[in-house]
Every structure is written in C-alpha cells, then in structure tokens.
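Step one of this worksheet: look at the structure below.
Please treat every number below as a calculation from the coordinates, not as lab data. What you are looking at is a predicted structure, and each value in this text was computed from that prediction instead of being measured. In this analysis, Cβ positions are derived from the backbone assuming ideal geometry, glycine residues included, and neighbour counts consider all displayed protein chains.
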C-alpha cells in the first residue's frame with residue numbers, strides 16, 4: 001500500500017468483528033481494537049463504567065458522525081444507528097478481507113447499534129430482527 005493510498009484509506013473506516021475483537025480499521029490489520037469476546041456485553045464511552053468502558057467507542061462514534069464509517073447503515077432513529085458488521089475469520093497469509101478488496105469472505109453478518117446519549121453505547125447483535133427491535 002502506497003503512502004497516498006494509506007492516507008486516502010484513513011478517510012474511510014470500517015468496523016468489523018474478528019475472533020473476540022471489535023476493529024475500527026482503515027486497512028487490513030491497521031486500526032484499533034477493543035476486546036469483546038462476549039458480544040452480549042456492551043461497550044461504553046463513559047470512563048466511570050470500568051466494566052464496559054473502551055476508548056474505541058468514541059472513535060467509532062466520531063467516524064459515524066463524520067461520515068467516515070463505510071459500514072452499511074440499515075436503520076437510523078433519533079440517537080441510534082444500526083449498521084451491518086461483518087464477522088471475519090483470522091486472515092491467512094497474504095489474503096485480505098473482502099472489505100479491502102481481498103478474497104476472505106465474512107463468516108456471517110452481525111449487527112452493531114451505536115447509541116449516542118450522555119455517553120455513547122455500542123451493542124452487537126447476531127440477529128438482525130433482534131437488533132431492529134432494539135432500535136425501535
């Protein structure tokens with residue numbers, strides 16, 4: 001990847017899930033992660049909530065608000081936005097994920113809701129219908 005393409009790529013960020021980690025990424029293996037082995041738990045931007053806090057939440061929210069998040073938006077309602085969230089296997093060798101033009105397909109689609117209130121909360125769902133019920 002050239003310096004020019006790397007700088008251009010930072011203007012487009014993608015959130016995906018891989019083996020217990022939530023990624024905010026601008027290229028294969030580049031970006032920031034949050035440990036989230038149990039997707040039934042939520043992540044929060046409120047640093048006083050030590051069990052659920054992760055600084056990545058603020059970065060994902062900012063990317064969403066600034067139009068840099070390239071995940072497919074499924075629904076938006078007041079202070080909540082629902083996105084598709086691909087779940088990928090660990091990369092093998094030099095192959096890239098399909099979101100970066102490679103051949104590694106997602107294992108499944110998951111769903112991410114970003115809720116912006118007093119703090120920002122990110123919830124992950126395995127089921128689209130459940131996520132839509134949560135947002136409504």
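Numbers below:
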quantity: Spin-label model distance (nm) - residue 94 vs residue 109, 7 Å beyond Cα toward Cβ; calculated: 3.2 nm
quantity: Alpha carbon Rg of the chain, scaled by the compact-globule rule 2.2 N^0.38 Å; calculated: 1.02
quantity: Rounded to whole Å, sorted largest first: equivalent-ellipsoid semi-axes of the stretch 45-116, Cα gyration tensor; calculated: 26, 16, 11
quantity: Spin-label model distance (nm) - residue 66 vs residue 118, 7 Å beyond Cα toward Cβ; calculated: 2.7 nm
quantity: Burial ordering of 94, 114, fewest other beta-carbon atoms within 10 Å first; calculated: 94, 114
quantity: Segment residue 38-residue 50, length gained on full extension (0.36 nm per residue, minus Cα span); calculated: 2.7 nm
quantity: Cα long-axis angle, helix 56-65 against the chain (0 to 90 degrees, to the nearest 10); calculated: 90 degrees
quantity: Label point 7 Å beyond Cα of residue 11 along Cβ direction - residues of the stretch 20-37 with amide nitrogen under 16 Å; calculated: 26-27
quantity: Calculated [θ] (222 nm, deg cm²/dmol) that DSSP helices of n ≥ 4 give over the chain, each run adding -39,500 (n - 2.57); calculated: -5000 deg cm²/dmol
quantity: Cα-based convex hull, the stretch 8-49, per residue volume (Å³, whole number); calculated: 80 Å³
quantity: Residue exposure sequence - 134, 23, 100 - by fewest surrounding Cβ within 10 Å; calculated: 134, 100, 23
quantity: Relative exposure of 42, 125, judged by other C-beta atoms within 10 Å (fewest first); calculated: 42, 125
